[in-house]
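The values are calculated or read from the model by the stated rules, or taken from the named source; none is laboratory data. Predicted, not measured: the structure shown is a model, and the values here were computed from it. Note that each Cβ is placed from the backbone with ideal geometry, even for glycine, and that neighbours are counted across all protein chains shown.
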Amino acid sequence: METSTSHNLVHKDLLDACKKGDSRAQMKIYRLYYKPMYHASLRIIGDTMEAEDIMQEAFLVAFRNIGSIDLNVSFGAWLKRIVVNRSLDAVRKRKPEVELVADYPEEVPSESSYLPQEGTIEEKVEKIRRALEKLPEKYRMVLSMNLFEGYDHDEIGQILGITPSTSRAQLSRGKQKLLQLMTG
């Protein structure tokens, strides 16, 4: 299994060239990372055009500050952190009254009941995507950060300014609400 350090070493020449302002190297790095960064933003933002803008801005910030990154640290993880933070900032600006308060679920359905049982994979994915878009932002943000981006509840709490227990509660509540949206 390839570690982030060995992955960075594969791209070390490209990243070194980016540090020197080589636009061709920047374009190669962009092509390697733009899809996962776009999708990371889209899952948080829920708007394709805004996610595209955030992803573009994140690359500009990364290339402008690439001289400050240690190449032994994962460039992808650093870039993803920029994308996630900018996405969360955009959500906060768009709707400053989003409240991130504790919600405690009454009952949590079994994990197997979260996925639709009929249709093709594409139909299932589309149904899940549509349901995610309908979730309240506080649930969508925590769900996306935990399930898709891999942040733990302590990290989510620090980023969103909530307690880890609130993050866990919102994840549980978000899953429950997602199930209701998909089965209702």
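Within the span defined as region 150-158, one or more residues are buried (at least 20 other Cβ atoms within 10 Å of the Cβ), within 14 Å of the chain's Cα centre (by Cα) and among the β-branched types (Val, Ile, Thr). The residue of region 131-149 that is nearest to Leu79 (Cα to Cα), among those that are buried (at least 16 other Cβ atoms within 10 Å of the Cβ) and not hydrophobic (A, V, I, L, M, F, W, C), is Glu149. Taken together, the residues in region 134-150 that are among the aromatic types (Phe, Trp, Tyr) and in contact (Cβ under 8 Å) with a residue 60 or more places away in the chain amount to 1. Counting only helices (runs of 4 or more DSSP H) that sit completely within region 5-120, those holding 3 or more residues that are at pLDDT below 90, in contact with a helix residue (DSSP H, G or I) (Cβ under 9 Å, 6 or more places away or on another chain) and surrounded by 11 or more Cβ atoms within 10 Å (Cβ to Cβ) correspond to 12-19, 23-45, 75-94.
In region 138-156, is there at least one residue being acidic (Asp, Glu) and under 15 Å from Met182 (Cα atoms)? No. Scanning region 152-184 for residues that are assigned to a loop (DSSP other than H, G, I, E, B) and either in contact (Cβ under 8 Å) with a residue 40 or more places away in the chain or in contact with a Gly (Cβ under 8 Å, 6 or more places away or on another chain) (or both) yields Gly161, Ile162, Thr163.
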